[in-house]
Structures are given as structure tokens and as C-alpha cells.
Amino acid sequence: MKTQSFEIKGLKELIEPAKFISELAKTNSHFCLEAPMGAGKTTLINEVCKVMGVKEHTSSPTYSIVNEYLGEEKNSIFHFDLYRINDETELFDIGMIEILDSKSVCFIEWPEKCLNFLPGEYVKIEIEVKKENRLIKITS
């Protein structure tokens, strides 16, 4: 396993980790984001989606639980926010298991709620809040 770290002091600096994640998405499907509430998980995913050619508005799926976007090559990119999931059976109700099995790129916030269903390996993205800065660690 290999870990790459990025220290982010402002939103403009998100482009580097976003490009790195975009490259990883060429050979990896599942990206699990671990960070406290308000650390910038959705902001990072929004930037990655831009790099991957998503033209539509991206936003947090806090209430919808999952958003689907179309990337540059019309491939589906899924963004899950599992914060409101209370029981694993809800993952079946939203179709998450089928989506995970589809090999589509999936960004998952609060991944501890679905780890039993992740097929194979995944890329772990940790965001650590350090005063005004963020430390993003990506392990693949």
C-alpha cells in the first residue's frame, strides 16, 4: 500500500489531490472518505468531479444519500453520504450494493456503515483538520 499526503491551506490547493484521485479512479472504483463532520469531504469530491469532467452542479447527498453524475466519457460517478444510514438493510433499499458491484466510481462518506459490502480493495482518503489547514492522506 502506498500513501500520498497533501497539506491544503486553501480551496485552490484542492486541485492537486483532486488530480491525484482522478488518476487513481482510472484503476480503482471505490473511494472511502474518513473525516469529521465539516472537514471538507464533499468539497474534495466536488473538485474531483470537476477534474473527471462532470459538467453538472455537484452537491452533498446528505438527504438524498446518493447522487449520480456523468463524467467526461459519460461514465457514472456516484457520491454516497451514509451519515443518515441507521441500519445496513437501508443500503439495499437505496441500491448501493448493485452500484458497488457495477465497478462505477463511488465516493463514500461515512464508509464504516458499508464496509461489509465493499467488494475487494478500496482507496482510503483521510482528511485531518489542523486549525485552518487540512491534511489529506490518500492510501491506495
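Please treat every number below as a calculation from the coordinates, not as lab data. No experiment lies behind these values; they were computed from the predicted model shown. Because the Cβ atoms are built from the backbone with ideal geometry, glycine has one as well, and the counts that use them run over all protein chains shown.
Listed values, structure above:
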read-out: Partners for LYS55 among lysines (Cα-Cα distance below 22 Å; same-chain residues under 8 apart left out); value: LYS12, LYS19, LYS26, LYS41, LYS74, LYS103
read-out: For the range 27-41 versus the range 47-122, the gap between their alpha-carbon centres in whole angstrom; value: 11 Å
read-out: Tilt relative to the chain, helix 41-51 - C-alpha long axis, 0 to 90 degrees, to 10; value: 80 degrees
read-out: For the range 16-123, convex hull volume per residue from C-alpha positions, Å³; value: 96 Å³
read-out: Neighbour net charge for CYS32 - beta-carbon separation under 11 angstrom, K R +1, D E -1; value: -2
read-out: Between 0 and 90°, nearest 10: helix 15-24 axis offset from the chain longest Cα axis; value: 40 degrees
read-out: Helix-only [θ]222 nm of the chain, DSSP H runs n ≥ 4, -39500 (n - 2.57) each, per residue, nearest 500; value: -6000 deg cm²/dmol
